[in-house]
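Comments concern the structure below.
No value in this document is a laboratory result; all are computed from the given coordinates. None of the values given here were measured: they were computed from a predicted structure. Ideal geometry is used to build each Cβ from the backbone, glycine not excepted, and the neighbour counts take in all protein chains shown.
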Amino acid sequence: MKIDHSLPLEYSTEENRLKIFGFWIFLGAEIMLFATLFTSYFVYEHRTGNGPSGAEIFEITPVLMETILLLASSFTIGLGIHAMRLGKQKAMMTFFSVTLVLGLGFLGFEIFEFVTYIHEGAGLSTSGFTSMLLTTLGTHGLHVTFGFFWGLSIILQVKKRGLTPETANKSFIFSLYWHFLDVVWIFIFSFIYLKGMM
Amino acid sequence: MDFFDRFAVPHPSFLIYASMVAIGLTVIAVLVGITYFKKWDYLWREWLTTVDHKRIGIMYLISALLMLFRGGVDAIMLRAQLAIPDNKLLESQHYNEVFSTHGVVMILFMAMPFIMFFFNFVVPLQIGARDVAFPRLNAISFWLFFMGAMLFNISFVIGGSPDAGWTSYFPLAGNDFSTSVGSNYYMIAIQIAGIGTLMTGINFITTIFKMRAPGMKLMQMPMFTWSALISNLIIVFAFPVLTVLLAMGTMDRLFDTKFFAIGDGGSDMLWANLFWVWGHPEVYILILPAFGLFSEIISTFARRNLYGYKSMVASMVVISAFSFFVWAHHFFTMGQGALANSFFSITTMAIAVPTGVKIFNWLFTLWKGKIEFTTPMLYAMHFLPLFTLGGVTGVMLAMSAADYQYHNTMFLVAHFHNVIIPGVVYAMLGGLTYYWPKMFGFMLNERIGKWTVWLMSIGFVLAFIPMYITGLDGQARRMYTYSEATGFGPLNMVAFIGAGIMAISFALLVYNIYYSVRYSPRNIGNDPWNARTLEWATHTPVPEYNFAVMPQVKSTEAFWDAKKNGHEIFKGKIEKIHMPNSSGLPFIMSCIFFVFGFSMIFSIWPLAIISLLGILGCLVYRSFEKDHGHYIPVEEIEETETKLRGAK
C-alpha cells in the first residue's frame with residue numbers, strides 16, 4: 001500500500017481516493033432517491049382524502065428542536081473531521097460521539113412526532129398524503145438510524161486501531177453521509193413543514 | 001395447515017405441476033452431481049467467493065443464458081396460445097402470468113445481466129485495469145442480482161406468478177385486483193436485484209473515471225467503454241426512482257398505504273409516471289452498451305477506425321440526457337392534455353436524431369472498409385436495417401395524435417421487440433461470439449454461428465412483422481385470445497412459426513457451444529480477430545492480474561497502433577501486484593437477502609426481522625474485518641507469463 005504523505009490521511013492511498021470518489025457517486029444516487037420522494041410528496045400534498053392536512057398536524061416546536069439538533073450535529077462532525085486532520089484522535093472521537101448523541105436526540109423527537117401524528121389520526125394508511133409524509137420523513141429517519149450505528153462502529157474502530165489511512169477514510173466518508181442527511185433535512189424543513197404550515 | 005396454504009399456487013395446471021417436478025429433479029441432480037464429482041470445494045473457492053471481475057462476468061453470462069431460456073419458453077407459450085383463434089392452450093389467468101414474467105425476465109434478468117457480463121468482462125481489460133474499483137462490491141452486485149432473479153423465478157411454483165404485466169400498473173397490481181402474492185414477488189425480487197444494479201453503476205463509473213491505463217484520456221477510451229460509462233451514469237440516476245417506486249408499491253400491498261389507491265387521496269397515475277421515469281432510461285441502459293459493442297465489432301471487421309468518434313460520444317450523451325424527458329410517451333392516451341403530449345412527442349422524436357447519427361457513423365465506417373463477414377459482423381449487418389425499421393416505427397409511435405391508433409396494440413409490441421431483439425439481443429449474441437475466444441481460449445464455430453444469425457433474423461421477421469399489421473388492424477396486446485371473425489388468425493400463425501424458428505436458432509447457439517467445446521481448435525493466440533483495443537493485448541486465457549505490466553496508451557486504438565505503427569504499450573518491468581482477497585461474505589449476505597425477500601413476500605414477519613438483522617450483521621462484520629488484499633510476487637507473475645507465452 002503506497003501512502004502519499006502530501007495528502008490528508010483520508011486521501012493518502014489509491015484505494016482511499018477511489019472510495020471517496022465512489023461515495024460521491026453514491027450520494028448522487030441518494031439525491032435522486034430523495035428527489036423522487038419530494039416530487040411524489042408534492043403530488044400528494046393536497047391529496048388528503050378523509051385524513052388531516054399538513055397544516056392541521058404540523059407543530060413547530062418538535063420540528064424546530066429536530067432542526068437545531070441535526071444542524072448542530074452537522075457542525076460537530078465538521079469539527080470532528082477538522083480534529084482528525086490535525087491528528088487529534090481524542091478530540092475527534094469526542095466530536096463524533098457528540099454528533100451521534102445529537103443524532104439520537106433528533107431521532108427521539110422524530111419518534112415522538114410520529115406517535116403524535118398517529119394519535120391524531122394521521123397514520124400510514126390514512127390517506128395518500130399521510131402515507132407519503134411518513135414515508136419521506138421515515139426514509140430520512142431510517143438513514144439517520146443507520147448512520148448512528150455506522151458512526152458507532154467507526155468510533156469503536158478508531159478507538160481500537162487509531163487514526164490510520166483506513167479509519168480516517170471511513171470517518172471522512174461517514175461525515176459526507178452525515179452532512180448529506182443534514183442537507184436533506186433542510187429541504188424537508190423548508191418544503192414539507194414550512195410550506196405546509198403557511 | 002393455514003400457514004402452508006399461502007405457498008400453494010392459486011391457479012394450478014398440469015404445466016405448473018410438471019415444472020415443479022422438473023425443478024425438483026434438476027436441483028437434486030445438480031446437488032448430487034457436484035457432490036459426486038467432489039466439486040463443492042472448487043465451486044466455493046473459485047466461483048462463489050470470487051471477486052475477480054472476469055469470473056463474476058462469466059457468472060452473469062451463465063445467468064443471462066439461463067434466463068434467456070426461461071423467457072424464451074414463456075414467449076413460445078404466448079405465441080402458441082395466439083397461433084389459432086379461440087385457442088384453449090392457456091387460460092386467461094395463466095396467459096397473464098406468462099406475459100408478465102416474460103417481460104420482467106427478459107428485460108431485468110436476461111438483458112441486464114447480459115450487459116453486466118460485458119461491463120465486467122470487457123471494461124477493465126479495455127481500459128488496462130487490474131480489476132474494478134470495488135471488487136467485493138462487484139461480487140455483492142452479482143449475488144444480489146442472482147438472488148433477486150431466483151426469487152422471482154420460484155414465484156410460479158410457490159405462491160403464484162405476478163400477473164399484472166411487466167409494468168405492473170396500479171390499481172391492477174393492488175391487493176383488490178391481484179390477490180395472489182405474485183405482485184409481492186415483483187416488488188421485492190426486483191428491488192433486491194435493483195440494489196445490486198445500482199452498486200454496479202457506482203462501481204463502474206468509479207472504475208472508468210479513475211482506473212484507466214496511464215495515458216488514456218477520456219476521449220481515447222474505446223467506444224464500448226464510453227457506452228458503459230454513459231449507461232452506468234443512467235443507472236445511477238434512474239435506479240433510485242425504481243427503488244422508491246417499488247418501496248411504495250410494496251407498502252401499498254403489505255402495509256395498506258394509500259399511494260396508488262383509488263380513494264383516500266391515492267394517485268394510481270403516479271405509478272405509471274414513476275415507472276416510466278425509470279423505465280425509459282432503462283431501455284437506454286440496455287441499448288447504449290449494445291451500440292458500443294456494435295461499434296467495436298464493426299470497426300474491427302471493417303478494418304477501419306470508427307468513423308466520427310466524437311459524434312458517437314456526443315450522441316450517446318445527448319441520448320442519455322433525453323432519455324429522462326420522454327417518459328410520458330408511454331401513456332399518451334391517459335389524458336394529460338395536448339400541451340404535455342406535444343412536449344413528450346417532440347422530445348421522443350428528437351431522440352431519433354442522435355440515434356440516426358450513430359447509424360450513419362457505422363455506415364461510414366463500413367464505407368471503403370475491407371469488410372470481413374465473421375459471425376459477430378453478420379449480427380451487426382443484420383442489426384443495421386432491422387434496427388432502423390424499429391426506430392422508424394418508434395417515430396410513428398412518438399406522434400401523440402397518431403398514437404391513439406397504435407396504443408396498446410400489437411403494433412407497439414412489434415415496435416419494441418423490433419428494437420430490443422435486433423438491437424440488444426443481436427449485440428449480446430454477436431458480442432458473445434466476439435469475446436468467446438478471450439474468455440475460453442477457443443472460437444465458436446463460424447459455420448454454425450452464421451446459420452444461427454440467419455435463422456434468428458428469418459424467425460424475427462416472420463414473428464414480428466405480422467404483428468405490425470395485426471396491430472394496425474386492432475389486435476390488442478395482452479389479450480389472451482381472439483375470435484376467428486377478426487381475421488387475425490393467419491398472421492398470428494406466421495408469428496408462431498417465426499417464434500419457432502427463433503427457438504431453433506437459440507438451440508443452434510447452444511449446440512454451437514457444445515460443438516466448439518469438443519472440436520474447436522485451441523492455440524488460437526491472443527488476438528484471433530486481429531482486433532484493435534487493449535483487451536486483445538493480454539494473454540488468452542487472461543491471467544488473474546490481467547496485465548503483467550500496466551499498458552501505456554497514446555491513441556484511441558492502442559493495440560492496433562501497437563501492431564501497425566509500432567507503439568510500445570508494455571514498457572517497464574514486472575513488479576509485485578496487489579490483488580483483492582476472495583470473500584464468502586457477498587454470497588452469504590445475498591442468501592440472507594433471499595430469505596428476507598421471501599419472508600417479506602409471504603408476510604412472515606419474525607423471519608423477516610431475523611434475516612434483516614442478519615444482513616446488518618454482515619455489514620458490521622465487513623466494517624470491522626481487516627482485509628488488505630494480497631500481493632502476487634514477481635517470480636509467480638514471471639512464471640505465469642512464461643507459461644502463457646509458451647501456450648501461444
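Below, the figures for the structure above:
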{"read-out": "Rounded FRET efficiency, nearest 0.05, which uses the C-beta distance separating B:Phe4 from B:Asn581 and R0 of 30 Å", "value": "0.10"}
{"read-out": "Cα-based helix-to-principal-axis angle, B:223-254 vs chain B, degrees rounded to 10", "value": "30"}
{"read-out": "Set A:Lys88/A:Lys170; A:Lys2/B:Lys626; A:Lys19/A:Lys160 screened for pairs whose C-alpha atoms are more than 19 Å apart", "value": "A:Lys19/A:Lys160"}
{"read-out": "Exposure proxy ranking, count of Cβ atoms within 10 Å, fewest first, for B:Trp327, B:Trp605", "value": "B:Trp605, B:Trp327"}
{"read-out": "Average beta carbon contacts from partner chains per residue of A:156-168, 10 Å cutoff", "value": "1"}
{"read-out": "Hz values of 3J(HN,Hα) by residue in segment B:85-95 - Karplus curve (6.51, -1.76, 1.60), Gly and Pro given as x", "value": "x, 6, 6, 10, 4, 10, 7, 4, 4, 5, 4"}
{"read-out": "Packing rank of A:126-133, B:634-641, where each peptide gets the mean count of other beta carbons within 10 Å, highest leading", "value": "A:126-133, B:634-641"}
{"read-out": "FRET E, pair A:Thr145, B:Ile154, Förster distance 30 Å, beta-carbon r, rounded to 0.05", "value": "0.40"}
{"read-out": "Segment B:97-104 - phi-based ³J(HN,Hα) in whole Hz, Karplus 6.51/-1.76/1.60, Gly and Pro as x", "value": "5, 5, 6, 5, 6, 4, x, 4"}
{"read-out": "Table column - 3J(HN,Hα) (Hz), segment A:9-26, Karplus curve with 6.51, -1.76, 1.60, x for Gly and Pro", "value": "3, 5, 9, 6, 10, 4, 4, 4, 5, 4, 5, 5, 4, x, 5, 4, 4, 4"}
{"read-out": "Principal-axis tilt of helix B:53-82 within chain B, Cα atoms, nearest 10 degrees", "value": "30"}
{"read-out": "Separation of alpha-carbon centers, segment A:154-198 and segment B:611-648, rounded to whole Å", "value": "31"}
{"read-out": "For A:Leu152, B:Leu43, A:Leu69, order by how many other beta-carbon atoms lie within 10 Å, fewest first", "value": "B:Leu43, A:Leu152, A:Leu69"}
{"read-out": "Two-site label geometry, B:Asp176 and B:Ile609: point separation in nm, points 7 Å out along Cα→Cβ", "value": "3.3"}
{"read-out": "Among B:Pro113, B:Gly266, B:Ile58 - extreme Cα towards positive end, dipole of segment B:53-296, charges at beta-carbon", "value": "B:Ile58"}
{"read-out": "Simple spin-label estimate for B:Tyr404 and A:Arg85 in nanometres, 7 Å along Cα-Cβ", "value": "6.3"}
{"read-out": "Label-point separation in nm, B:Ala485 to B:Ile34, each point 7 Å along Cα→Cβ", "value": "5.7"}
{"read-out": "Kirkwood Rh in Å, taken over segment A:18-160 so that all alpha-carbon pairs contribute", "value": "17.0"}
{"read-out": "Cα-Cα pairs of segment B:473-621 separated by more than 25 Å (percent)", "value": "69"}
{"read-out": "Amide H within-cut-off set for B:Met579, under 5 Å, with H built and near neighbours excluded", "value": "B:His630, B:Tyr631, B:Ile632"}
{"read-out": "Neighbouring partner chain Cβ atoms per residue of A:127-134, average, 10 Å criterion", "value": "6"}
{"read-out": "Average beta-carbon neighbours from other chains, 10 Å sphere, peptide A:22-30", "value": "6"}
{"read-out": "Residue-averaged [θ]222 nm for the protein assembly as shown, counting only DSSP H segments that reach four residues, each worth -39500 (n - 2.57)", "value": "-23000 deg cm²/dmol"}
